[in-house]
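Everything below concerns the one structure shown next.
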Amino acid sequence: MPETPRDAMEVNATVREALPNALYRVELESDGRGQALAHVSGGSSLLRLLPGDAVVVELMPYDQGRGRIVRRRGSGTVGALAAKERDSK
Amino acid sequence: MSVQKSWAELQKMHRACGIVVDTLVALEEAAVPGVATKELDRIARERIERAGARPAFLGYRGYPATLCISVNEEVVHGIPGQRKLREGDIVGLDLGCVVDGFFGDAARTVAVGKISDEARRLMKATEEALHSGIAVCRPGMRVGDIGHAVQQHAEAQGYSVVREFVGHGIGTSLHEEPQVPNYGPPGRRERLVPGMCLAIEPMVNAGGPEVRVLKDGWTAVTADQSLSAHFELSVAITRHGPWILSEPYPYAAAETEARHA
């Protein structure tokens, strides 16, 4: 019988909004988890995240409202372009 | 750090794990179209008690049954009930028992009647992922190497591994240190030492890794409703490599008394 992890857990998420100080509001894909605030640490490829980008977020079990973006997932530009298109309308 | 078991304690683990796997074999035969999941739970409890053990899950954090039965898109922790198995279902059976103070824990996903090739492929990949995790269980390796091996194997076949549940150390309690995730980078987490006992249990989804828990507070299902499979074995780390505790000690008998640590 498996147990729930006590330490950081990686979940898929989508960037919703870029906030100041390398902080992002992300939508967590696991049902019922909702949104979280996530920061990025280092990693130049993560410094230019845009709304719509697919990322992997590391969450701590004691505070699932906050996390750390650890990497991009798949092609980030697809979501970014779609988001730009949407914004320009 | 997990408790290192003595040779005598490993023998007790061996007994508990043997009872669990013998019961799973009987349950696999009993999992035919039309049987209620509750009936499988009854068989599990009866066999465990007849073997002189007692169910490990019953009452654990309020869990109401002996067996976890997770059908198709259910990942783990399905509660037995009136639901009847149907031809083509794949059914995760997760069972634990305690005897003489030591716990055994194992799981397997079984086919009900004839199943699709897709389901069979998922089950095969999950069982292989478990064994690729077991293969790295040697002193000097780390817990992260297990998860890495499992994840590599599952993802190479286009599947995903569940993050929300992890394997665990096992011994005088059902869940001991350390936790054993089925994912993550190699070379991290606790070092494996002889006498450590781990329940390694990949949960592999045909679709995405996301899961959610139903309103009963237990049953976990895949968020995208894709099929999920679950295989688990309890394994001891010995000086010579892994010992799957439900099987006979695999190394030369002369070495069985080897003291660890």
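Nothing in this text is a laboratory measurement; each read-out follows from the coordinates by a stated rule. Since this is a predicted model, take the numbers as computed values, not measurements. Methodologically, a virtual Cβ is constructed for each residue, glycine included, from the backbone with ideal geometry; neighbour enumeration extends over all protein chains shown.
Return the calculated 222 nm mean residue ellipticity for chain B, to the nearest 500 deg cm²/dmol, obtained by summing -39500 (n - 2.57) across DSSP H runs with n ≥ 4 and dividing by the residue count.
-9000 deg cm²/dmol
Please arrange B:D94, B:D100, B:D224 by how many other C-beta atoms lie within 10 Å of their C-beta, fewest to most. Intermediate values should be presented prior to the final figure.
Values: B:D94 26, B:D100 12, B:D224 16.
Going from least to most buried by this count: B:D100, B:D224, B:D94.
Taking the number of other C-beta atoms within 10 Å as the exposure measure, put B:H77, B:H175, B:H240 in order starting with the fewest.
Details: B:H77 24, B:H175 19, B:H240 16.
Least crowded to most crowded, the residues run B:H240, B:H175, B:H77.
Could you derive backbone 3J(HN,Hα) for the range B:225-231 from the dihedral phi with the Karplus parameters 6.51, -1.76 and 1.60 (θ = phi - 60°), listing whole Hz in sequence and x where the residue is Gly or Pro?
After applying 6.51 cos²θ - 1.76 cosθ + 1.60, I find 6, 6, 5, 9, 10, 8, 10 Hz.
Keeping to pairs on different chains or 8 or more places apart, tell me how many lysine pairs in the range B:7-247 have Cα atoms under 22 Å apart. Write down the numbers at each step before the final one.
Details: B:K38/B:K84; B:K38/B:K114; B:K38/B:K215; B:K84/B:K114; B:K84/B:K215; B:K114/B:K124.
Counting lysine pairs in the range B:7-247 gives 6.
What is the sum of charges, Lys and Arg at +1 and Asp and Glu at -1, for the other residues whose Cβ falls under 14 Å from the Cβ of B:Q151?
On the way: positive: B:R163, B:R188, B:R189; negative: A:E10, B:E128, B:D145, B:E155, B:E201.
Charge balance near B:Q151 sits at -2.
Could you put B:I79, B:I237, B:I200 in order, starting from the residue whose Cβ has the fewest other Cβ atoms within 10 Å? All intermediate terms of the calculation are to be shown ahead of the outcome.
Details: B:I79 21, B:I237 25, B:I200 29.
Final ranking by Cβ density, sparse to dense: B:I79, B:I237, B:I200.
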